[in-house]
Amino acid sequence: MDLFELRARIEQTERAILVGVEWTGREGDTYSVQDSMAELAALAETAGVEVVCQVVQRRNRPHAATLIGSGKVDELRVLNEEVNADLYLFDDELSPGQMRNLDKTLDSKVLDRTDVILDIFAQRARTKEAKLQVELAQLEYAIPRLRRAWTHLSRVGGGSGVGGGVGTRGPGRTQLEMDQRLIQRRIKQVRKDLGDMRRQRRVQRSARTKEYTASLVGYTNAGKSSVLNALTGERHVATEDKLFKTLDPTTRQLDIDDGRSLLVTDTVGFIQRLPHRLVAAFRATLEEVLEADLLLHVVDVAHANPVAQIASVNEVLAELEALDIPTLLVLNKVDLLDDAKVLSDIKAEYPDAIPVSSVTGDGMDSLRHELSTRAGEGEQEYEFRLPHERGRLLSYLYEHGQVDDVDYGELEVTVRAHLHPKHIAPLRDYVS
């Protein structure tokens, strides 16, 4: 980050004790504590942290001061004397007060799920826009946590700075007030820069608004980028078995055998309890979702709990007010599925869902056919009489519609084609 470094930045060699809570008073949770802790371990691994052990406590409600009970806090301190971990990583988001209290009691670095997700996003950010969006989320997260969450500018400039080590309590009151003003000033600048980029992205989108667009959404590591590569027959989108590999939207043109073409965009993956700050900060990027004609919701059906992942993605889509956009469920990784009942159960609830494998290619033809059908909805049949010198309009028809017949006459070219009315403007004068 340009302004400062968060104290919560994770070092590659750190070892962690994972701490979770099984909430007995909550109903309707789609994730079990075991699933959530397994995901936290995967997040930690992605961030470069070695997990040494896990501790889970059953509670009816959170302890106001430390989230978990005081007795469990004492157990953690004793446990760490044995395993010698560098940090405690909590699955639930901690309040600033809880973090301070745990810092003091455990005398070690304390992070939560949000810290780790922000750290991973910071590691993954490549473009200026992605870096600014991550920075905005980190800055807004840091403000109420200044006493324990960041290293001052002097460290960035080469000085020894304050904070950053175990037990550091942060700068003094005067320094904190000055630091808070610096952060607020930086937030204002980052928002302005992102606003400029947002407007530029809208201009870029407006140039392609006449194209039918589909946006890939889904849980992180569901295989969205692999599906995009399999659909287009290209390998321009990087794919790895890692969480949050894609932060920046990637758009590719998909040419279908019937002559139609459409645009498909890959977007950032979602996760359960995705920090609201990240959703807000990445809103400019996620506008690609809001502007789509169709959402391709990619699901990893080989995951232990695909239904919960579907629900988590829908929660983020609801936050983005995108639930009204037509959605097609794409059930990916069927080649890894051991229990066929999982697929049949999901198909029973989502009968239009299309099973695919981005690795073997199974189901991709069905997906392309469905995309062609969706893109063709609303098309009308036209007959055009084009002067020979307006040959570019015939190319336009091939690009934006489905050409059924072409008759080259002596004076003009007669074309019968199916075309969506939104593409008719350049051809209006030639409709017969």
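The values are calculated or read from the model by the stated rules, or taken from the named source; none is laboratory data. Keep in mind the model is a prediction, meaning the values are calculated, not measured. When we count neighbours, we look across all protein chains shown, and the Cβ atoms used for this are built from the backbone with ideal geometry, even at glycine.
Output the number of residues of the range 410-425 satisfying the condition of being surrounded by fewer than 14 Cβ atoms within 10 Å (Cβ to Cβ) and free of Cβ contacts under 8 Å to residues at least 60 places away in the same chain.
Initial filter on the range 410-425 (surrounded by fewer than 14 Cβ atoms within 10 Å (Cβ to Cβ)): 410-411, 421-422, 425.
Now restrict to residues that are free of Cβ contacts under 8 Å to residues at least 60 places away in the same chain: 410-411, 421, 425.
Result for the range 410-425: 4.
Quick check on this structure: which one of Gly361, Gly378 is surrounded by fewer than 19 Cβ atoms within 10 Å (Cβ to Cβ), in a loop (DSSP other than H, G, I, E, B) and touching a Lys or Arg at 6+ places or on another chain (Cβ under 9 Å)?
Values: Gly361 fails: touching a Lys or Arg at 6+ places or on another chain (Cβ under 9 Å).
The conditions single out Gly378.
Failed condition for Gln200, given (1) assigned to a helix (DSSP H, G or I); (2) at pLDDT below 90; (3) surrounded by 13 or more Cβ atoms within 10 Å (Cβ to Cβ), with all others met?
Answer for Gln200: the failing condition is (3).
Can you find a residue that is under 13 Å from Val19 (Cβ atoms), polar (S, T, N, Q) and assigned to a helix (DSSP H, G or I) anywhere in the range 67-78?
no
Within the range 79-97, how many residues turn out to be without any contact (Cβ under 8 Å) to a residue 40 or more places away in the chain, under 18 Å from Glu22 (Cα atoms) and not in a loop (DSSP other than H, G, I, E, B)?
0
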